[in-house]
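As structure tokens, the structure follows; a few thoughts come after it.
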Amino acid sequence: MPLKEKIDLSKLPRHIAIIMDGNGRWAKKRKLPRVFGHRAGIKSVRETVETCAELKIEVLTLYAFSTENWSRPKTEVNALMALLKLYLMKEFDNLMRNDIRLNAIGDILGLPEAPRKELLGIMEKTRTNKGLVLNLALNYGGRQEILNAVTGMIKDKVEKADEGTFKKYLYTSLFPDPDLLIRTSGEMRLSNFLLWQSAYTELYITEVLWPEFRAKNLYEAISDYQKRERRYGGI
Ligand code: FPP
């Protein structure tokens, strides 16, 4: 039976988050510069986004650039920013056709002007789309997000913080917590991604490198997720 048919459409994760890792290793294996790996990763982004839209997943959060990624060589950072802008420009029609709403989490004001303008422009133009929310984590760090939320609460003189109040100050305030977090290329860490939100998230680690990640790998992850019993600390 094809993998797609093994998926129970009545038990889909509402929110899928992905750490897209392994672009550099993919390029190295082919003796290519790292940037070629990022470029190849765009195809995986496109296929993953389309598949999630087709499955009617509510939110897909992709870790595209972390607050730590600035420490990479300037040429790589510049290439990633250029790729982001290019992806957004090329993808706009596709987003509209698939009723996808673009959103971003992270310190967006800290991005260079060209990708930032493109991003904010498309977020505005897709604002009323009703399908999948494509949520790009850009200049994002989980600890920074938590500190940002605390600072916001202090400013608003919140005296007693409960989980519901705290959530309102996070970048993801409008979204459910991720049900499934996928990490490609085998590493077993969260790398400062959605630290608060992933408290009860099911983790799925695959050895597949991000540029090789395709719809069938996503189906595999969802199918694995559907076999798990989520207890949220209960019995
Ligand atoms: C991690 O691989 C990947 C990144 C830091 C960037 C991810 C970016 C893309 C897939 C392309 C742009 C994205 C969008 C949404 C337009 P790595 O370089 O750390 O790989 P390695 O661990 O093998 O070195």
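Read the figures in this text as sums done on the coordinates, not as results from a lab. This structure is a prediction, so every number in the text was calculated from the model and none was measured. Backbone-built Cβ (ideal geometry, glycine too); neighbour counts: all protein chains shown.
Only one of R30, R72 is of a type outside the set (S, T, N, Q) and more than 17 Å from P112 (Cβ to Cβ); which?
Details: R72 fails: more than 17 Å from P112 (Cβ to Cβ).
Sole residue among the options that is of a type outside the set (S, T, N, Q) and more than 17 Å from P112 (Cβ to Cβ): R30.
Test N139 against the stated conditions and say whether it is within 14 Å of the ligand (Cβ to nearest atom), in a helix (DSSP H, G or I) and closer than 25 Å to F36 by Cβ.
On the way: within 14 Å of the ligand (Cβ to nearest atom): yes; in a helix (DSSP H, G or I): no; closer than 25 Å to F36 by Cβ: yes.
In short, no.
Any idea which of I18, I7, I42 is within 20 Å of the chain's Cα centre (by Cα) and either over 22 Å from L88 (Cα atoms) or crowded, with 19+ Cβ neighbours inside 10 Å (or both)? Break it down into steps so the answer makes sense when it comes.
On the way: I7 fails: within 20 Å of the chain's Cα centre (by Cα); I42 fails: either over 22 Å from L88 (Cα atoms) or crowded, with 19+ Cβ neighbours inside 10 Å (or both).
Selected residue: I18, the only one of I18, I7, I42 that is within 20 Å of the chain's Cα centre (by Cα) and either over 22 Å from L88 (Cα atoms) or crowded, with 19+ Cβ neighbours inside 10 Å (or both).
Just to be sure I understand the filter: pairs with C-beta atoms under 8 Å, separated by 6 or more residues or on different chains, first member in region 125-154 and touching a residue at least 40 places away in the same chain (Cβ under 8 Å) and more than 23 Å from E50 (Cα to Cα), second member among the β-branched types (V, I, T) and surrounded by 14 or more Cβ atoms within 10 Å (Cβ to Cβ). Which pairs pass?
N139/T67; N139/I108; Y140/T67; Y140/I105; G141/T67; Q144/T67; E145/I105
From the set of residues in region 191-214 that are in contact (Cβ under 8 Å) with a residue 40 or more places away in the chain and surrounded by fewer than 16 Cβ atoms within 10 Å (Cβ to Cβ), which is nearest to K4 (Cα to Cα)?
For region 191-214, the residue satisfying everything is R214.
Touching a Lys or Arg at 6+ places or on another chain (Cβ under 8 Å) and within 10 Å of the ligand (Cβ to nearest atom): which single residue out of E58, E118, E76, E47 fits that description? So that I can check it myself, show each step before the final result.
Values: E58 fails: within 10 Å of the ligand (Cβ to nearest atom); E118 fails: within 10 Å of the ligand (Cβ to nearest atom); E47 fails: within 10 Å of the ligand (Cβ to nearest atom).
Just one listed residue meets the conditions, E76.
State yes or no: is K227 charged (D, E, K, R), within 28 Å of K11 (Cβ to Cβ) and free of Cβ contacts under 8 Å to residues at least 12 places away in the same chain? Break it down into steps so the answer makes sense when it comes.
Values: charged (D, E, K, R): yes; within 28 Å of K11 (Cβ to Cβ): yes; free of Cβ contacts under 8 Å to residues at least 12 places away in the same chain: yes.
Yes.
Hey, among R97, R25, which residue is within 13 Å of the ligand (Cβ to nearest atom) and basic (K, R)?
On the way: R97 fails: within 13 Å of the ligand (Cβ to nearest atom).
Unique residue meeting the criteria: R25.
Among the residues of region 81-91, is any assigned to a helix (DSSP H, G or I) and either more than 11 Å from the ligand (Cβ to nearest atom) or polar (S, T, N, Q) (or both)?
Initially, region 81-91 is screened for residues assigned to a helix (DSSP H, G or I), giving 81-91.
Filter again for either more than 11 Å from the ligand (Cβ to nearest atom) or polar (S, T, N, Q) (or both), leaving none.
There is no residue in region 81-91 that is assigned to a helix (DSSP H, G or I) and either more than 11 Å from the ligand (Cβ to nearest atom) or polar (S, T, N, Q) (or both).
Taking interchain pairs and intrachain pairs at least six residues apart, which have beta carbon atoms under 8 angstrom, with the first residue in region 18-44 and closer than 16 Å to A64 by Cα and the second basic (K, R) and part of a helix (DSSP H, G or I)?
Taking only residues 6 or more apart or on different chains, the pairs are N23/R34; G24/R34; R34/K28; G37/R25; G37/K28.
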